[in-house]
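Take a look at the structure set out below.
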Amino acid sequence: MTDRRIEDRRELEMLQARLARALETLRPRIIVCEGTGCLAKGAADVRRAFIKELEKRGPGIDLDLALEDPDEVERRREMGVAAVTPSGCQGLCQRGPLVTVEPEGYLYVGVRPDDVPDIVQAVVEGTGPVVRLLSDRDLSQARAADIDFFRPQERRVLAWCGRIRPGDIREYLARGGYSALAKALTEMTPDEVIEEVTAAGLRGRGGAGFPTGKKWRVTRDAEGDKKYVIVNGDEGDPGAFMDRCLLEGDPHRVLEGLIIAAYAVGADEGYAYVRAEYPRAVRLLRRAMAEAERYGLLGEDILGSGFSFRARLKEGAGAFVCGEETALIASIEGRRGMPRPRPPFPAVRGLWGRPTCINNVETLGNVPGLILYGAAAYREVGTDGSPGTKIFALAGQVERTGLIEVPMGSTLRDVIFGAGGGIRGGKEFKAVQIGGPSGGCLTSRHLDLPLDYESLKEAGAMIGSGGLVVLDEDSCMVEVARFFMSFVQSESCGKCVPCREGTRRMLELLTKMTEGTATKADLELLEELAGSVRESALCGLGKSAPNPVLTTLRYFRDEYLAHVTEHRCPAAACLELVSFEIDPEKCIGCGLCAKACPSGAVRQVDRADGTPDGRRRAEGAGDAGPAKKSPAAKGKTRKKRLPYAIDDELCLRCDACRAACPKGAVRRVPRKTVRDRSGAAATTAAGD
Amino acid sequence: MVPAFEGRRFEKLNDIIERNGRTPSSLIPILQEVQEEYRYLPEEVLTYVATALGLPPSAVFGVATFYAQFSTEPKGRFVIKVCDGTACHVRGADTVHFAVRRAAGLEPGRKTTDDLTFTVEQVNCVGACSMAPVVTVNDRRVYGDMTQKEAAALVERLRKEAEEEPVPTEGAGDGVGTAGERAADGAGGAAG
Ligand SMILES: Cc1cc2nc3c(=O)[nH]c(=O)nc-3n(C[C@H](O)[C@H](O)[C@H](O)COP(=O)(O)O)c2cc1C
Ligand code: SF4
Ligand code: SF4
Ligand code: FES
Ligand code: FES
C-alpha cells in the first residue's frame, strides 16, 4: 500500500493522518538510543534484550514501525506489549546507553541488558519509572525535560532526533514530515520561499554565518540553464559531531530542506557530500533518499507540482579542506580537493561551472520548520542578528558531554555549567575552545557572553560549526595552540605559500615553545607570522589558521611568556617540560605504575634512603607486577607497603604510570632535569 | 597483465568501473570501492583505472595521494585509528596511542606490522567526541572512554580474532562497538 507514490498534497496529507493514527497505537514505546556513543557502549545488546524480554510476554515486538497495518498494531497493543525502536542520538551521550520510554518520556541512563526486565515490568504494569536508572536517581527528574542537561535547551532542529526511528520515512511522515515541502511547492513561488528564509534571518550554520536567503537569491538570479544544490556534510572540525548526529538521527529533515532549497534556487540536481568516516550517516541518508524517491518526494514531478529534482550521495575521502566549498566542488568533480580563489562564488560558477548553492547540514535542517511555521515563529528564539537555535557538540573536560541545541544568544555559562554540569572531577574551568581550528579559546571572563555570531567575532573567536571543547586547569594553552597548528598544517592543501609555509613555520615555533627551547624573539616572530598568514592565505583554512594562536596570545600571554622566558609550563602539561612524581603519602605501594611503565623508570623505594632502588631491580622492574607476595600483606596489622618512585632520567614521559595508579598518586610537576646538547641530564634551578 | 590482479580480481575491478561509469567524476568513488576491496590501491590498479577513464596516470596518482582515505601501501587486517581530535587530545589521546602502538608491537616510524595484522594511525576527530578518547577499528567499530589498559586489551582481542579466523568472513552492516564489522576482503593476499 505505501509503495505507491504520493501524487499530490491531498494524498500526502491523508497518508500522514493515517500514519499518525497508527503511531498513536505504538504505545508504550521503548526507544533505545543507537547513536554512535550509545552503540559503542553496547546499545545494540540492550535493544536485543528488550525484544527478547518483551517476546516472553507477547509475540514479535520489534514492530519495525508496522504502521501500515494499524489493526495489527492495535491487536498487539491489546495483548499488553510495547514497541521497541532504535533512535539516533538522544543527547546525553556521556551516560549512554540511553533509553526513553514513551508516552511518559522517562529517560534511563547507563542501561545494561540486566536492567531490561525491570524496565519492561514497569512499562507493562504501569508502575512508574525505575528510579535507580534515572539520571539523578530522583523521581522528580524522571523525564528528560526535567533534568539539568535538557533545561537550557530548545530542541527545534533536533525535535525528532533521538525520538524516531531514523531514516524511516513512515515515521517522519507520521510526524508531519514533508508538509513544509508540500507547502512550498503548492502555496509558494520560489521567490516567496527565498523571501521567507530571508525574513527569518537564517544564517549558515557551516561556520561563516552567511545569510542563507541571500545565497539562495544570488543562485536563483545567476545566469544558467542548469543549477545545482549541495548539502555539505563533510564535518571535519575536530571536536564536532552535530551534523553527524542530525544525519544519523533525522536524515529526512535534512533531505526535505535540500529539496526545498533546490526548488527555491531552481536546481534540478543535487548532491549530498558526506564524510566517509561516518558510515552510518552515509547509509541512513542513502536509505532516506531511496525511500523519498519511492514515495515520489524526490524525482520527477514531485507532488504533481511539475518540479523535478534528483539527488545523489558522494562520500568524502578524508581531506578536511574539502569542507571548503570550492574544494568540495573539485572533489565531486573527481579532482584533488583544492580551493580556488573566490569570486566567482559557487552561487555564480560552481559545480561544472554552473550556479551552485552549497549549504551546511544543520542550515538545511532549519529549513522545513522555518517554512512550515513561518519567519515570525522562527524568530521567536535567538537574537535579532542571529535568530533561531544552534546545535553544539559539548565535549572535553565537562561533567556531561553530548549534543545540545540552545537558542542563539544563550551564554557559555548556560551551556558549560547548565547543560554541561560544570567541570569534570571538580577541577577549575580554564577555557573553552569554540569553532575548531578556525575558532578560538575563550576564558572565564567570557562565560556570560551571548553565543551569537557578532559577540563571538568581537571576542576574536567564532561559533564555527558548533564544536565546544572545554579545557580545565591541566591544559596548557600553548600546547593547545600547537595542537591546532599541527592540525591545519597537516590539512593544508599546499596550494598557496602563506598557508603551506606559514603554518609550517608557526608549528615549528610553537613546538619549540612546548619543548622549552624557544626564546622571546620566537614569540614575536610567531605573532608576526600569524598576522601575515591571516592576511594573505587563499581560503578560509589558511586565513583562520592563526585564530587559535591569536586568541590564546590575547588571553593567555603569561603562559606563552613562561614557556619562552623560563622554559616552564605552568599547567605542567607540555611533556618535555614536566617530570612525573609519585606522592609517597598517597602511594599504597601496589606497583601498578611500575607494571605499566615501559622503561623501567618506576621502582619501589629502597628501604634505606627513600630513593628509587638502583640498578639491582632495574631489569626486573618492567614485569615486577603488584607486590602481592609481600609478607606484610598477610599479617593482620598490615604494614604499609613501601612506596614507589620515578627515575626522571629513564622516564619516557608516556603518562602510563599516571593512568595506572588507582590512588591518583602520580602527578606531573615542572621538569626536574633538562637534557643539554650533549644529551646528558642536568638538574634545573626550577626543580621544585 | 599484472600477476596480482589476474582472473577474478581483475574482473571485479572492471565491475567497479562499469558500475560507477567511465567518467572523470567517478574517479573517487571507484578508488573508494577498490580500496574497500583490496584494502589499498596497488600501483597497477591506478594505472589501469587511469586508462579506463581516459585520464593521465598523473591525475589519478594525484588524487590517490591527496586524500587521506587512500593508501598506496598495503594496510593491516585491522586498521586501528586512535583519535587525536581536540576532545580526545585533551583527554589523553596521546597516551592511548602510545599504548596501542606498544601492544601492536610497532617499531618507531612504522604504521603497519610486518604480518599485516595491524595498522595504527592517529586521526583527527572521528565524530564521537562525547566519549573521548576514542579508538576505531576498521572505521566501523567505535570504542570510547579509552584507557591505556583497555587499549592494550583491545589489541589483544583483535590479535586473537586474527589467529582464530585468519581470513575474515563477509560480515554485515556498519557495526559500532560490539557489532560485526564489514570485512572488505575479497583479495586475501592482495599484498603479495
Ligand atoms: C577549511 C574549511 C572547512 C570547512 N568545512 C566545512 C564543513 O565541514 N561543513 C560545512 O558545512 N561547511 C564547512 N566550511 C564552510 C563551507 O565552505 C561553506 O561556507 C558552507 O558549507 C556553507 O554553508 P552554510 O552557508 O549553510 O553555512 C568549511 C570552510 C573552510 C574554509
Ligand atoms: S589557504 Fe591553505 S588550504 Fe587554503 S588554498 Fe591555501 S594552502 Fe590550500
Ligand atoms: S611516564 Fe611512562 S616512562 Fe615515565 S615513569 Fe611513568 S610510565 Fe614510566
Ligand atoms: S549517542 Fe546516545 S545519547 Fe548520544
Ligand atoms: S575529538 Fe576524538 S572523536 Fe572527536
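Let me confirm something: among A:Val533, A:Val578, A:Val549, which residue is within 16 Å of ligand 1 (Cβ to nearest atom) and aliphatic (A, V, I, L, M)?
Every option except A:Val533 fails the conditions.
Take the residues of segment A:266-319 that are part of a strand (DSSP E or B) and small (Gly, Ala, Ser): which is nearest to A:Leu15 (Cα to Cα)?
Filtering segment A:266-319 for residues that are part of a strand (DSSP E or B) and small (Gly, Ala, Ser), the one nearest to A:Leu15 (Cα to Cα) comes out as A:Gly299.
Go over the candidates A:Val398, A:Val381, A:Val321, A:Val361 one by one and state the one that is away from chain B (no Cβ under 14 Å) and either more than 16 Å from ligand 2 (Cβ to nearest atom) or not charged (D, E, K, R) (or both).
Only one candidate qualifies: A:Val381.
If the Cβ limit is 8 Å and pairs must be 6+ apart or interchain, which residue in segment B:85-104 that is within 13 Å of B:Cys129 (Cα to Cα) pairs with which residue that is more than 16 Å from ligand 2 (Cβ to nearest atom) and of a type in the set (Phe, Trp, Tyr)?
Qualifying pairs under 8 Å: B:Thr86/A:Phe483; B:His89/A:Phe483.
Limited to segment A:3-52, what total is found for residues that are assigned to a loop (DSSP other than H, G, I, E, B), within 17 Å of A:Arg165 (Cα to Cα) and either within 16 Å of ligand 5 (Cβ to nearest atom) or not assigned by TED's automatic domain parsing to the domain that holds A:Asp71 (or both)?
Count: 1.
How do the pairs read when you match residues in segment A:232-246 that are within 16 Å of ligand 2 (Cβ to nearest atom) and in a loop (DSSP other than H, G, I, E, B) with residues anywhere that are open to solvent by less than 10 Å² (accessible area, probe 1.4 Å) and aliphatic (A, V, I, L, M), using Cβ under 7 Å and keeping only pairs 6 or more apart or on different chains?
A:Asp234/A:Leu328
Taking A:Gly316 as the residue in question, decide whether it is within 14 Å of chain B (Cβ to nearest Cβ), more than 25 Å from A:Glu171 (Cα to Cα) and either open to solvent by 50 Å² or more (accessible area, probe 1.4 Å) or more than 16 Å from ligand 4 (Cβ to nearest atom) (or both).
Spelling it out, A:Gly316 is indeed within 14 Å of chain B (Cβ to nearest Cβ), more than 25 Å from A:Glu171 (Cα to Cα) and either open to solvent by 50 Å² or more (accessible area, probe 1.4 Å) or more than 16 Å from ligand 4 (Cβ to nearest atom) (or both).
Please find, among A:Leu447, A:Leu370, A:Leu442, the residue that is open to solvent by less than 30 Å² (accessible area, probe 1.4 Å), of a type in the set (A, V, I, L, M, F, W, C), assigned by TED's automatic domain parsing to the domain that holds A:Glu235 and away from ligand 3 (no atom under 16 Å from the Cβ).
Being open to solvent by less than 30 Å² (accessible area, probe 1.4 Å), of a type in the set (A, V, I, L, M, F, W, C), assigned by TED's automatic domain parsing to the domain that holds A:Glu235 and away from ligand 3 (no atom under 16 Å from the Cβ) holds for just one of A:Leu447, A:Leu370, A:Leu442, which is A:Leu370.
For the list (1) part of a helix (DSSP H, G or I); (2) away from chain B (no Cβ under 14 Å); (3) touching a Cys at 6+ places or on another chain (Cβ under 9 Å); (4) more than 12 Å from ligand 1 (Cβ to nearest atom), I need the number of the one condition that A:Pro341 fails.
Exception for A:Pro341: condition (1).
If we scan segment A:333-350, do we find a residue that is free of Cβ contacts under 8 Å to residues at least 12 places away in the same chain and either among the aromatic types (Phe, Trp, Tyr) or not assigned by TED's automatic domain parsing to the domain that holds A:Gly213 (or both)?
Checking segment A:333-350: not a single residue is free of Cβ contacts under 8 Å to residues at least 12 places away in the same chain and either among the aromatic types (Phe, Trp, Tyr) or not assigned by TED's automatic domain parsing to the domain that holds A:Gly213 (or both).
Hey, any hits in segment B:66-73 for a residue that's touching a helix residue (DSSP H, G or I) at 6+ places or on another chain (Cβ under 6 Å), closer than 30 Å to A:Thr401 by Cβ and either at pLDDT below 90 or in a helix (DSSP H, G or I) (or both)?
No, there is no match, as no residue in segment B:66-73 is touching a helix residue (DSSP H, G or I) at 6+ places or on another chain (Cβ under 6 Å), closer than 30 Å to A:Thr401 by Cβ and either at pLDDT below 90 or in a helix (DSSP H, G or I) (or both).
Select, from B:Val142, B:Val137, B:Val126, the only residue that is within 16 Å of ligand 1 (Cβ to nearest atom) and either hydrophobic (A, V, I, L, M, F, W, C) or open to solvent by less than 50 Å² (accessible area, probe 1.4 Å) (or both).
B:Val126
Name the one entry in A:Thr503, A:Thr514 that is open to solvent by less than 30 Å² (accessible area, probe 1.4 Å), part of a helix (DSSP H, G or I), in contact with a Pro (Cβ under 9 Å, 6 or more places away or on another chain) and assigned by TED's automatic domain parsing to the domain that holds A:Glu559.
The match here is A:Thr503.
Those residues that are within 13 Å of another protein chain (Cβ to nearest Cβ) and open to solvent by less than 10 Å² (accessible area, probe 1.4 Å), I need them from segment A:250-270; list them, please.
Step one: of segment A:250-270, the residues within 13 Å of another protein chain (Cβ to nearest Cβ) are A:269.
Those that are within 13 Å of another protein chain (Cβ to nearest Cβ) and open to solvent by less than 10 Å² (accessible area, probe 1.4 Å): none in segment A:250-270.
Determine whether segment A:216-223 contains at least one residue that is away from chain B (no Cβ under 14 Å), out of contact with any Phe, Trp or Tyr (no Cβ under 6 Å at 6 or more places or on another chain), within 16 Å of ligand 4 (Cβ to nearest atom) and not hydroxyl-bearing (Ser, Thr, Tyr). Before the answer, list the steps.
If we filter segment A:216-223 for residues that are away from chain B (no Cβ under 14 Å), which is where we start, we get A:216-223.
Filter once more, so that each one left must be out of contact with any Phe, Trp or Tyr (no Cβ under 6 Å at 6 or more places or on another chain): A:216-223.
Going one step further and asking which of them are within 16 Å of ligand 4 (Cβ to nearest atom), we end up with none.
The answer is no; no qualifying residue exists.
In the same structural domain as A:Val321 (by TED's automatic domain parsing), open to solvent by 10 Å² or more (accessible area, probe 1.4 Å) and of a type outside the set (Ser, Thr, Tyr): is that true of A:Gly421 in this structure?
In short, no.
Kindly indicate whether any position in segment B:58-73 is touching a residue at least 24 places away in the same chain (Cβ under 8 Å) and more than 12 Å from chain A (Cβ to nearest Cβ).
Checked segment B:58-73: at least one residue is touching a residue at least 24 places away in the same chain (Cβ under 8 Å) and more than 12 Å from chain A (Cβ to nearest Cβ).
A quick yes/no check of all residues on (1) more than 24 Å from A:Gly236 (Cβ to Cβ); (2) within 16 Å of ligand 3 (Cβ to nearest atom); (3) within 12 Å of chain B (Cβ to nearest Cβ):
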position: A:Glu473; (1), (2), (3): yes, no, yes
position: A:Met477; (1), (2), (3): no, no, yes
position: A:Cys496; (1), (2), (3): no, no, no
position: A:Arg505; (1), (2), (3): no, no, no
position: A:Lys512; (1), (2), (3): yes, no, no
position: A:Ala518; (1), (2), (3): yes, no, no
position: A:Leu526; (1), (2), (3): yes, no, no
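Given the conditions (1) away from chain A (no Cβ under 14 Å); (2) in contact with a Lys or Arg (Cβ under 8 Å, 6 or more places away or on another chain), and given that B:Asn14 satisfies all but one, which numbered condition is not satisfied?
Here B:Asn14 meets the rest and fails (2).
On the basis of being touching a strand residue (DSSP E or B) at 6+ places or on another chain (Cβ under 8 Å) and either among the β-branched types (Val, Ile, Thr) or over 25 Å from B:Val123 (Cβ atoms) (or both), does A:Lys457 make the cut?
no
Tell me which of these B:Thr147 doesn't satisfy, since it passes every other one: (1) within 8 Å of chain A (Cβ to nearest Cβ); (2) open to solvent by 10 Å² or more (accessible area, probe 1.4 Å); (3) closer than 13 Å to A:Glu277 by Cβ.
B:Thr147 satisfies all of (1) within 8 Å of chain A (Cβ to nearest Cβ); (2) open to solvent by 10 Å² or more (accessible area, probe 1.4 Å); (3) closer than 13 Å to A:Glu277 by Cβ except (3).
The values are calculated or read from the model by the stated rules, or taken from the named source; none is laboratory data. Note that the structure is predicted; figures quoted are calculated from it, not measured. Backbone-built Cβ (ideal geometry, glycine too); neighbour counts: all protein chains shown. Just so you know, the surface numbers come from the protein's heavy atoms only, side chains and all, with ligands and any DNA or RNA stripped out. Shrake-Rupley method; radii C 1.70, N 1.55, O 1.52, S 1.80 Å.
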